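The values are calculated or read from the model by the stated rules, or taken from the named source; none is laboratory data. Not measured: the values here are computed from a predicted model. Here the Cβ is made from the backbone with ideal geometry for all residues, glycine too, and neighbour counts use every protein chain on show.
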Ligand SMILES: [Zn+2]
Ligand SMILES: [Zn+2]
């Protein structure tokens with residue numbers, strides 16, 4: 001009896017130590033440099049502009065976001081949509097928390113409720129309305145991926161098409177609980193392809209308006225149809241909206257992936273996400289002028305004006 005108890009205690013201690021070790025820093029090896037080290041050209045129209053629309057916050061810690069992050073380092077994860085104004089038609093990158101978020105989260109499993117405390121701010125649709133924004137100018141919502149926190153605001157934007165890749169559209173249909181919210185939004189999903197050539201080392205690309213100002217590339221891993229949206233502004237500023245490729249910028253700057261548990265729960269293909277992370281790290285090393293915006297890193301939005 002005593003021997004059984006000792007064995008059980010030992011097993012629990014070993015499992016606990018193993019689990020704990022998955023949160024420790026473990027930088028991935030540096031990626032090889034980009035084979036084509038030139039910044040793709042862009043001719044953004046003078047009227048182009050970017051605005052942030054904060055829709056909510058989730059209280060987390062750095063340890064939740066990347067290996068080596070501290071549990072004592074509290075991070076408010078931003079739930080922010082980004083409005084790209086372009087004379088050919090405005091785009092909203094992700095939709096953030098919508099008006100129905102409290103109802104929508106009931107579709108999520110018990111462990112989600114156990115670990116998630118969120119705060120609502122005004123929804124993207126309400127922020128647009130408050131700013132006197134003419135919704136006819138909004139050409140589409142461009143999703144970085146279809147997880148609940150990016151798709152929640154879609155029902156408030158009914159009538160506006162939602163652009164997704166074919167892979168992500170399929171994921172919405174058969175992704176289980178992790179895309180349950182997206183399935184219930186009633187959104188009009190429209191698929192787009194990657195007809196363009198290589199872009200910053202990504203094999204294919206989609207140049208939305210043909211001027212290089214908004215270029216989407218496939219970055220499967222976190223979800224099967226995740227994308228990265230590169231935006232070039234007339235002043236010369238460049239952005240990479242990387243969605244949830246990493247949750248905080250240290251994921252790329254320190255080449256630290258999500259801890260094991262978070263990878264297992266959140267990433268459809270952890271190895272794919274790791275490859276995309278390393279590729280983005282190579283881009284960051286070669287082009288430090290590109291501002292990388294992980295969807296939930298509040299620091300990445302500093303300097304982006306809130307829609308007036
Ligand atoms: Zn997210
Ligand atoms: Zn996600």
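Numerical summary
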quantity: Count of the range 153-200 residues which are closer than 14 Å to residue 216 by Cβ and in a helix (DSSP H, G or I); calculated: 3
quantity: Close pairs (6 angstrom Cβ cut-off, 6 or more residues apart or separate chains): touching a residue at least 12 places away in the same chain (Cβ under 8 Å) and closer than 18 Å to residue 280 by Cα in the range 231-244, within 13 Å of ligand 2 (Cβ to nearest atom) and not in a strand (DSSP E or B) anywhere; calculated: 243/144; 243/145; 243/226; 243/295; 244/222; 244/295
quantity: Selected residue (only one of 229, 216 is within 16 Å of ligand 2 (Cβ to nearest atom), assigned to a strand (DSSP E or B) and within 26 Å of residue 30 (Cα to Cα)); calculated: 229
quantity: Qualifying residue in the range 281-289 (condition: at pLDDT 95 or above, in contact with a helix residue (DSSP H, G or I) (Cβ under 8 Å, 6 or more places away or on another chain) and within 19 Å of residue 144 (Cβ to Cβ)); calculated: yes
quantity: Hits in the range 245-273 - residues which are part of a loop (DSSP other than H, G, I, E, B) and either free of Cβ contacts under 8 Å to residues at least 24 places away in the same chain or within 14 Å of ligand 1 (Cβ to nearest atom) (or both); calculated: 245, 246, 247, 248, 258, 267, 268
quantity: Neighbours by Cβ (under 8 Å, 6+ apart or cross-chain): first from the range 8-24, surrounded by 10 or more Cβ atoms within 10 Å (Cβ to Cβ); second in a helix (DSSP H, G or I); calculated: 19/260; 19/261; 22/260; 22/261; 23/63
quantity: Selected residue (only one of 140, 125 is under 14 Å from residue 92 (Cβ atoms) and either out of contact with any helix residue (DSSP H, G or I) (no Cβ under 7 Å at 6 or more places or on another chain) or within 16 Å of ligand 1 (Cβ to nearest atom) (or both)); calculated: 140
quantity: Considering residues of the range 234-255 that are more than 16 Å from the chain's Cα centre (by Cα) and crowded, with 16+ Cβ neighbours inside 10 Å only, the residue farthest from residue 62 (Cα to Cα); calculated: 238
quantity: Subset of the range 124-150 (residues that are assigned to a helix (DSSP H, G or I) and away from ligand 2 (no atom under 16 Å from the Cβ)); calculated: 124, 125, 126, 127, 128, 129, 130, 135, 136, 137
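Yes/no per residue for (1) free of Cβ contacts under 8 Å to residues at least 12 places away in the same chain; (2) surrounded by fewer than 21 Cβ atoms within 10 Å (Cβ to Cβ):
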site: 162; (1), (2): no, no
site: 165; (1), (2): no, no
site: 171; (1), (2): no, no
site: 176; (1), (2): yes, yes
site: 196; (1), (2): no, yes
site: 199; (1), (2): no, yes
site: 204; (1), (2): no, yes
site: 207; (1), (2): yes, yes
